[in-house]
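The values are calculated or read from the model by the stated rules, or taken from the named source; none is laboratory data. Keep in mind the model is a prediction, meaning the values are calculated, not measured. Please note: Cβ atoms are built from the backbone with ideal geometry, for glycine as well, and neighbour counts cover all protein chains shown. Surface accessibility is based on the protein's heavy atoms, side chains included, excluding ligands, DNA and RNA. Shrake-Rupley method; radii C 1.70, N 1.55, O 1.52, S 1.80 Å.
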Amino acid sequence: MRSASGAKGQPAPHRGAGTRRMLTWAKEALLPPVAVFILVVGLWEWGTHLFEVPVYVVPPPSRIWESLLFDGTAIFTHAGITFFEAFAGFVIGSALGIILGTAFAYSRFLARGLMPYVIAANTIPVVAIAPIIIIWFGHGIISKIAVTAFLSFFPLALNMMKGLQSYDRTVMDVFHVSAASGWQKFVKMRLPTSLPYVFVGLKLNVTFSVIGAIIAEFVQADRGLGFMIMTAYRTLNMPRLWAAMLVSALIGILFFGIIALIERLAIPWHSSMRSNQKP
Amino acid sequence: MTGSAEAKVRISDVDVIYPGALGASAVHALDGIDLAVRDGEFVSLIGPSGCGKSTLLRVLSDLAKPTEGSVVVAGDDPRRARLKRKVGFVFQDAALLEWRRILTNVALPLEIEGVPRGKRLARAQELIDLVGLSGFERQYPNQLSGGMRQRAAIARAMSTKPEVLLMDEPFGALDQITRDRLNLELLNLTQKNRMTVLFVTHSIREAVLLSDRVVVMTARPGRISEIIEVDLPRPRTLEVRETAAFAALANRGVHLLEMGSKT
């Protein structure tokens, strides 16, 4: 028993394998979007001047940039508030989703009894329920967090349940023959198996939570990006509106990046994490 | 009843009937199975699909309950034997945890048992060396070939030093060359360590090569039709397959399987 049969000869993935990899990554992953960005912004600026597009229809990038600089810290204060609402709602909604999803995975009665109502609740348009939640939770930041949490709840409840149920039957047999307890099966097998699903839910929630926070601010707010967008719209200050829109997108991207990074660290073994190594 | 007092596994008049779902008729998976396996004996179960050979292994490992009859595994009923970790099981699928390295995968049953970390990893390393995976303990399962994954599964099943090792077509999904090699290594492993093994396979040649006895089964209902005593001398090597005695035993097995499938 010495030789091992047919290794694929695939090297183990090394962590932090030097600057050369960073450079290739910069070249392959960073260069294309940066090039597209420069090209699009250039064409946009040039086009709005060439065709004399009115500023209230499409402001040129330079005017949006000016607006950003003019507002100075104000826009980032608003953005910070919206980000906080989105993040807090994301955490609370996701945590509740994880708890209920786990309960659904372990109790068929709960899943059958509650699932129709959870699905029904999820079909309520957020713009319809936001005023109600604001009546309940008041005019402060708490109501914005509540709207965001409401939106973030469903994707995780569903994905958590699916994830916990998606284990391999033979792996379950291995645990059973090894005389594992229910807790050991949960911690050592079902929870790790569910992680890729959990991250799918978390990534959905990133988008939903920013939407939730801004919509709640549309309904009632005296600060935040949603408030800023509404006031810019009423005064037809279009460069400011565009600036707010771009910053809100930036929040989403930043947020998404954080989750994607955590995913990479948490489940490096999952096949979705290897897509960039082999075509 | 066959079998003496020192039987490691005793199966007495076991029936397994799966109730049919929604109008389908019940499936008689096993019908009146009697079998005693001696300590250190290697017994293969062979037969057409649906003859209940896998079901029999599942009954022995407490993954399925017999409808009738009694089973004794290493002096206990299957449930007790499982809880005392007297049974190891190798499935057709290696069923390794993708997020663990080979070393911690092999150590999993010991981890579940509560063996301290240092001790269980040392034991896992021993087994990895034994099954010829030295140098791969830090790899993840998806970095290994099918044959290597199956070696890891065998090492994992042996980690708790089970008294009875159950193998359900462990090499069924492998190519012929890998299969031959793993057959040889399993032969060496069992001859050296004197393990009691129940081995399910579709290959009569594999069964004859490895076993002391080959149990030929028929399907629907699953019954034992005949038991072939394999009196080939040990230790065996792959070359034994070229002898006339081997060919005679294999032919007899093929003949019995054909008779069984005609009924």
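Just to confirm a number: summing +1 for Lys and Arg and -1 for Asp and Glu over residues other than B:S211 whose beta-carbon lies under 14 angstrom from that of B:S211, what do you get? Once all neighbours under 14 Å are counted, the net charge is +2. For the protein assembly as shown, DSSP calls about 55 percent of its internal beta bridges antiparallel. Could you work out the relative contact order of region A:144-238? I mean the mean sequence separation of Cα pairs under 8 Å and 6+ apart, divided by the number of residues, in percent. Answer for region A:144-238 is 38 percent.
Build a GNM of chain A with springs between Cα atoms under 10 Å: which of A:A243, A:A232, A:A26 gets the top mean-square fluctuation? Between A:A243, A:A232, A:A26, it is A:A26 that shows the largest mean-square fluctuation.
Please name which of A:H139, A:F256, A:S194 has its Cα lying farthest along the dipole of region A:70-268 towards the positive end, using unit charges on Cβ (Lys, Arg +1; Asp, Glu -1) and the Cα centre as origin. Of the listed residues, the answer is A:S194. Note that region A:61-132, at 25 °C in a medium of 0.890 mPa s, gets a Stokes-Einstein diffusion coefficient of 156 µm²/s from its Kirkwood radius over C-alpha pairs. Please report the accessible area of A:I229 (heavy atoms, 1.4 Å probe, ligands and nucleic acids excluded) in Å², nearest 10. Solvent-accessible area, nearest 10 Å²: 30 Å².
FRET efficiency for the pair A:T231 and A:K27, taken as 1/(1 + (r/R0)^6) with r the Cβ-Cβ distance and R0 = 35 Å, rounds to 0.25. Between A and B, buried accessible area from a 1.4 angstrom probe totals roughly 3000 Å², ignoring ligands, DNA and RNA.
Summarised in one figure, the compactness ratio Rg/Rh of the protein assembly as shown, Cα atoms and Kirkwood Rh, is 1.13. Full extension of the chain between B:D76 and B:N251 yields a length gain of 59.3 nm, computed as 0.36 nm times the residue separation minus the alpha carbon distance. Taking A:I75, A:I132, A:I215 in turn, the Gaussian network model of chain A (Cα-Cα springs below 10 Å) assigns the largest fluctuation to A:I132. When only the Cβ of Lys, Arg, Asp and Glu is charged (+1, +1, -1, -1), the dipole of region A:127-279 relative to its Cα centre reaches about 280 debye.
What number comes out for the charge environment of A:G224, summing +1 per Lys or Arg and -1 per Asp or Glu over other residues with Cβ under 13 Å away? Net charge in that neighbourhood comes out at -1. Surface listing: A:Y56, A:Y167 arranged by accessible area from highest to lowest gives A:Y56, A:Y167, probe 1.4 Å. When DSSP beta bridges are restricted to pairs lying wholly in chain B, around 55% turn out antiparallel. Distance distribution P(r), region A:70-268, all Cα-Cα pairs, bin width 5 angstrom from 0: 1, 8, 14, 16, 16, 13, 11, 7, 5, 4, 2, 1, 1, 0, 0 percent.
Counting only C-alpha contacts under 8 Å and six or more residues apart, can you give the relative contact order of chain B as a whole percent? Relative contact order for chain B comes out at 25 percent. Take B:T104: with every protein chain present and a 1.4 Å probe, its accessible area is about 40 Å². Computed from the C-beta positions of A:T73 and B:R138, the FRET efficiency with R₀ = 51 Å rounds to 0.50. Counting only protein chain heavy atoms and rolling a 1.4 Å probe, the accessible areas of A:W269, A:W44 rank, largest first, as A:W44, A:W269.
Its Cα centre serving as origin, the protein assembly as shown has a Cβ charge dipole (Lys and Arg +1, Asp and Glu -1) of approximately 860 debye.
Listed by chain and number, the lysines whose alpha-carbon sits under 25 Å from that of B:K119, ignoring those within fewer than 8 places in the same chain, are A:K185, A:K188, B:K84, B:K86, B:K161, B:K192. Once C-alpha pairs closer than 8 Å and six or more residues apart are averaged by separation and normalised to the residue number of chain A, the relative contact order reads 23 percent.
A simple spin-label model places pseudo-atoms 7 Å from Cα toward Cβ; at A:F137 and A:Y106 they are separated by 2.7 nm. Dipole magnitude for chain B: computed about the Cα centre from +1 point charges on Lys and Arg Cβ and -1 point charges on Asp and Glu Cβ, it is near 820 debye.
Residue by residue along B:88-99, Cβ atoms of other protein chains within 10 Å of the local Cβ number 5 on average. The largest accessible area among B:M259, B:M148, A:M161, A:M22 belongs to the first residue in A:M22, B:M259, A:M161, B:M148, and the rest follow in falling order (1.4 Å probe, all chains). The trypsin sites (Lys or Arg not before Pro) of region B:172-243 that DSSP puts in a loop, and whose beta carbon has at most 12 other beta carbons within 10 Å, are B:R194.
Between B:Q191 and A:A120, the distance separating the two model label sites (each 7 Å from Cα on the Cα→Cβ line) works out to 7.1 nm. Name the residues of region A:169-195 whose accessible area, probed at 1.4 Å, falls by at least 30 Å² once all protein chains are in place instead of their chain on its own? For region A:169-195, once contacts with the other chains are taken into account, A:T170, A:V171, A:D173, A:V174, A:F175, A:H176, A:V177, A:S178, A:A179, A:Q184, A:K188 lose 30 Å² or more. Lys and Arg at +1, Asp and Glu at -1: add these up for the other residues within a Cβ distance under 12 Å of B:R156 and post the number. Around B:R156, the charge tally is +4. Each residue was assigned an accessible area with a 1.4 Å probe, and for B:L83 the value is about 80 Å².
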